[in-house]
Every structure is written in structure tokens, then in C-alpha cells.
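Trainee: Submitted below is the structure of interest, expressed as C-alpha cells.
What follows is calculated from the coordinates using simple rules that are stated; it is not laboratory data. None of the values given here were measured: they were computed from a predicted structure. No Cβ is skipped: glycine too gets one built from the backbone with ideal geometry, and neighbour counts run over all protein chains shown.
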Amino acid sequence: MTEIEAIKKRHSVRNYTDRKIEQEKADRLNELIAGCNEEGNLHLQFCSDAGNTYNKLLSKAMGLGSAPSVIACVGPDDDTVEERIGYYGQKIVLFAQQLGLNTCWAGTFNKKEIPAEVKSGEKVVISIAIGYGETQGKERKSKRIDQVTSGNNPDWFNYGVEMALLAPTAINQQSFEIKLEPDGKVTFTDKGGPFSKVDLGIVKYNFKVGVDYFKNNN
Ligand SMILES: Cc1cc2nc3c(=O)[nH]c(=O)nc-3n(C[C@H](O)[C@H](O)[C@H](O)COP(=O)(O)O)c2cc1C
């Protein structure tokens, strides 16, 4: 499965079976995570046993049942950490999909219970539930390209936006704009809302995968 196929197949999955993630897949996830941590100056951690990260009461309210494992999204407490976590977290989410796993970004979880190492000067930003889903999730509503861009744009750009619109965002808010500036630069605007900075990083990653694919195949 390519990353583009993973973008198209991925949906948030909120109910998981008890099946444990095999050691071989855990090793591959850990290898990718180590690279992301180095490149993005982050401290993302795969926790094979999610413990009490997803408490039943919280979960009922948010629809997320349980998950056997979790990726703790930890990083230094700086101004851009949320966006970096979104960007690299989405890279990991798509890789998980390629490994046959399912995921759900989850802002609602027991921060105190997540079994992660948080060093001084770091914070836990968000969690990603991961495991074998009971289902593969389902398609949801999406904004149209013209609702997040303006003007007439080239095909490579539109393809990137199409992939960005398949990105998960908190409460499906899709609260962003993507613009192709006259000088050829692409700018992303965060229009606010819960976890919108994390969303922006996620959206940037999907956009990049789309544009790279388009340019390599046209
Ligand atoms: C930053 C962020 C936080 C999220 N928090 C939660 C959450 O707390 N509980 C939940 O059930 N889903 C959560 N989601 C999942 C979104 O609801 C979901 O991505 C969105 O509805 C789009 O659906 P899709 O992921 O299937 O494309 C979150 C997603 C993102 C990106």
C-alpha cells in the first residue's frame, strides 16, 4: 500500500479488538518514530500497553471505545510543538495504515495515565490510539477544494489540497486555508478551533504527500 492509498483508506477507528500489535510491526513503528523524533525534535513514544489512557467514562462521551496501544505525542514545550506533532504524527498514522493497523487521533484521554516518559521541559500534547480496529471506519463529510483555497490553481496544487481534505482534523473542523502565492510559495493558515495547530501539521503532511506523488507521476 502506498502512502496515497493509505491517505484514501484511513478513517478514524474508535473501537479495537484485543489483538496485540506484533513485535515485528512494533519494531518498524519504533524505527520510524525514532527518525521522526530526531528530525522533528520530538519525544513521540509507542506504548504497547495503553493502560488506562482511554477511560471508559471519557470514551463514552467522545465515542472512542478503547485501544490496546497508544502513541504518546510528547515534545518540548515550545511554540511550534503542536504543528510538528501533527506533521510527524500523521506520517506515523499513514505508516500504521500501511502496516494494516488502525488509528484515531485523540485529544480526549487521561493525560495522567498515559504510560509515557515526560522529561522536564516537555509536555504531552495529544494521543494517537492504535491497534486492530473492529472495523475500518467510514467516510465522512468534507469541505470542497474551493472552500479552503481561492482562485484558479494548477493541478499539482489541487491534488495536494485534495489529499489535505482527506486528513483527519479535530471534530472534523477542517479549519484551514491553503494558498498558492504569486511567488509560487504555498501558505497554510490556521483558522482556529480546538487542536487546530495539530490539525495544521497533519494537513501539511497530507498536502506534501499529494504534491510529491503528483510531481513524480506527471
Ligand atoms: C487533533 C485531533 C484530535 C482529535 N480528538 C478526538 C477525540 O478526542 N475523540 C475522538 O473520538 N476523535 C478525535 N479525533 C478524530 C476526529 O474526530 C476525526 O479525525 C474527524 O472526525 C475526521 O474523520 P476521519 O479521521 O475518519 O477522516 C481527533 C482528530 C484530530 C486530528
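Trainee: Please find, in a Gaussian network model of the chain (springs between Cα atoms separated by less than 10 Å), the residue of 89, 201, 193 whose mean-square fluctuation is greatest.
Mentor: In this elastic network of the chain, the residue with the biggest mean-square fluctuation among 89, 201, 193 is 193.
Trainee: Step through the table entries 111/185; 123/191; 112/204; 20/91; 9/143; 20/143, compare each Cα-Cα distance with 27 Å, and write down the pairs that go over it.
Mentor: From 111/185; 123/191; 112/204; 20/91; 9/143; 20/143, over 27 Å: 111/185; 112/204; 20/143.
Trainee: Name the residue, out of 167, 106, 67, whose mean-square fluctuation peaks in a Gaussian network model built on the chain with Cα pairs under 10 Å.
Mentor: It is 106.
Trainee: Would you calculate the volume per residue, in Å³, of the smallest convex hull containing every Cα atom of segment 3-131?
Mentor: Convex hull volume per residue, Cα atoms: 101 Å³.
Trainee: Shifting gears a bit: If each residue's Cβ is checked for other Cβ atoms within 10 Å, how do 108, 80 rank with the fewest at the top?
Mentor: Values: 108 17, 80 14.
So the residues, fewest neighbours to most, are 80, 108.
Trainee: Please compute the contact order of the chain in relative form: average sequence separation of alpha-carbon pairs under 8 Å and at least six residues apart, divided by the residue count, as a percent.
Mentor: Worked out over the chain, it gives 26 percent.
Trainee: Tell me, 47, 73 in order of fewest to most beta-carbon neighbours within 10 Å?
Mentor: With the sparsest Cβ surroundings first, the list reads 47, 73.
Trainee: Counting pairwise Cα distances across segment 77-186, what percent come out greater than 18 angstrom? Walk me through the numbers before you get to the answer.
Mentor: Values: 3727 of 5995 pairs.
The proportion of pairs with Cα distances above 18 Å equals 62 percent.
Trainee: Apply the Kirkwood formula to the chain: the hydrodynamic radius equals the inverse of the mean of 1/r over all pairs of different alpha-carbon atoms; give it in Å with one decimal. Provide the component values of the computation, followed by the final result.
Mentor: On the way: mean 1/r = 0.0567 Å⁻¹.
Hydrodynamic radius (Kirkwood, Cα only) of the chain equals 17.6 Å.
Trainee: In µm²/s, what is D for segment 145-217 at 25 °C and 0.890 mPa s, where D = kT/(6 pi eta Rh) by Stokes-Einstein and Rh is the Kirkwood radius from Cα pairs?
Mentor: On the way: Rh = 12.2 Å.
Translational D for this selection: 201 µm²/s.
Trainee: Return the calculated 222 nm mean residue ellipticity for the chain, to the nearest 500 deg cm²/dmol, obtained by summing -39500 (n - 2.57) across DSSP H runs with n ≥ 4 and dividing by the residue count.
Mentor: Numbers: 7 runs with 87 residues, N = 218.
Theoretical 222 nm ellipticity from helices: -12500 deg cm²/dmol.
Trainee: List the DSSP H helices in the chain whose Cα atoms stretch 27 Å or more along the helix axis and whose mean Kyte-Doolittle hydropathy is at least -1.0.
Mentor: Numbers: long enough: 196-217 (31 Å, -0.30).
Result, helices passing both filters: 196-217.
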